[in-house]
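The structure under discussion appears below in the form of structure tokens.
The values are calculated or read from the model by the stated rules, or taken from the named source; none is laboratory data. Just so we're clear, the structure is a prediction, and the values are computed from it rather than from any experiment. All Cβ positions, even for glycine, are placed from backbone atoms using ideal geometry, and neighbour counts span all protein chains on display.
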């Protein structure tokens, strides 16, 4: 575990440097001695004038190195005699550290993060082209940062100039680094699984706190702030994404983030929020009755969404796919919408109505997504036009919902109701584990907690 020298508080990294080293060794074997991997860290971003957004490391860079500082550049050069792992980073600077916080510097990069060699950033332009000599393939994340793409082209031109006199080759084949990194990021190691389990447990407890606080008259922002505070008190001050706290018809806006309306007696409130722990995301949604009791129409729709989630969960196991999981939820939702009269009866079979996507006006998204270092994590959903089968170690969300717009041509008792139920799920060897299990979601549990 790594303790970061930033600020007065110690920050402990759960993912060990042994694990980061193993990742680099596995990648080096796949790259081969004719290739080189080049990865940039994230930059600090200005929010306004002299104020920066909170820094968040690039996920690929964090996964490979664990190095937490901005503007660094890492290279993995398999078979290099002077060491395969090279990093360029900010040097120690007492004056800047007085203002902005402590830095690792090149010595810290070697000692704490096991870089074979570390150089200050001001040597990047001269030394990096030399490190490309003798390699034929360059793995690099193109198309994400225009300025970095231009720098790569400049380094390659410089390397070609040196190659003429040195009699060595330079990379002529450029490969998107995501093809190398992202399939490996899809399968979470035991240490990653434990971090995600902890993140989900912290978020689940924060959702319980909100269930105890919700009442008519509160502003949505009060619950959003309370969620962040509850996570921070448990050691996870960062949110994986801006929280959604959507009362009443606001819940029919899928990515509602204004969070500034009053909660009304008789309405539901949808809360989609999750903390981030050491870079790993959680993502949980619960839908609550503001006054502590579901009305009969609210309860009908809520229990329909919950049944759809349970159906999807039965498909969350090795060998199944996103399509089988989604179709399990859609089948329950479509049948239920017909039974409630929201979808009119007709002579077509249920299968034909699903194929025609009759449910789409009320359920317009898929039933989940990958989860990891990014809240919508990397990794393909299909491979060679076929749905990718689930494997142990994959983590995902399962989140069916129903959204009945205020002007929908349905019975008035259902209008303006938006419901989503979302859990974080780990695929295991014999099925799945619901990482967010501690967040109550049955009608009885939710009503009991709110009423208490």
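Just one of (1) under 24 Å from residue 15 (Cα atoms); (2) in contact with a helix residue (DSSP H, G or I) (Cβ under 6 Å, 6 or more places away or on another chain); (3) not assigned by TED's automatic domain parsing to the domain that holds residue 293 fails for residue 178. It is (2). Residues considered: 164, 157, 168, 144. Of these, the only one that is within 30 Å of residue 273 (Cα to Cα), surrounded by fewer than 16 Cβ atoms within 10 Å (Cβ to Cβ) and not assigned by TED's automatic domain parsing to the domain that holds residue 286 is 144.
If you go through segment 325-360, how many residues are closer than 24 Å to residue 381 by Cβ, over 25 Å from the mean Cα position of the chain (by Cα) and touching a residue at least 12 places away in the same chain (Cβ under 8 Å)?
Total satisfying the criteria: 7.
In this structure, is residue 262 surrounded by fewer than 18 Cβ atoms within 10 Å (Cβ to Cβ) and in the same structural domain as residue 211 (by TED's automatic domain parsing)? Here the answer is yes, as residue 262 does meet what is asked. How about segment 202-256: which of its residues are out of contact with any strand residue (DSSP E or B) (no Cβ under 9 Å at 6 or more places or on another chain) and without any contact (Cβ under 8 Å) to a residue 12 or more places away in the chain? 225, 229, 233 - these are the residues of segment 202-256 that are out of contact with any strand residue (DSSP E or B) (no Cβ under 9 Å at 6 or more places or on another chain) and without any contact (Cβ under 8 Å) to a residue 12 or more places away in the chain. Against the conditions (1) farther than 22 Å from residue 364 by Cβ; (2) more than 22 Å from the chain's Cα centre (by Cα), residue 416 satisfies every one except (1). Criterion applied to 96, 110 was being under 23 Å from residue 22 (Cβ atoms) and either without any contact (Cβ under 8 Å) to a residue 24 or more places away in the chain or in a strand (DSSP E or B) (or both), and the one residue passing it is 110.
Going by what's in this entry, would residue 281 be described as in contact (Cβ under 8 Å) with a residue 60 or more places away in the chain, surrounded by 20 or more Cβ atoms within 10 Å (Cβ to Cβ) and out of contact with any strand residue (DSSP E or B) (no Cβ under 6 Å at 6 or more places or on another chain)? Full working, then the answer.
Details: in contact (Cβ under 8 Å) with a residue 60 or more places away in the chain: yes; surrounded by 20 or more Cβ atoms within 10 Å (Cβ to Cβ): yes; out of contact with any strand residue (DSSP E or B) (no Cβ under 6 Å at 6 or more places or on another chain): yes.
Answer is yes for this residue.
If only residues of segment 296-324 that are part of a loop (DSSP other than H, G, I, E, B) and touching a residue at least 40 places away in the same chain (Cβ under 8 Å) are counted, the one that is surrounded by the most Cβ atoms within 10 Å (Cβ to Cβ) is 316. Annotation: residue 14 fulfils all but one of (1) within 25 Å of residue 379 (Cβ to Cβ); (2) over 29 Å from the mean Cα position of the chain (by Cα); (3) surrounded by fewer than 17 Cβ atoms within 10 Å (Cβ to Cβ); the unmet one is (2). Only a single item in (1) surrounded by 20 or more Cβ atoms within 10 Å (Cβ to Cβ); (2) more than 23 Å from residue 174 (Cα to Cα) is not met by residue 74, and it is number (2).
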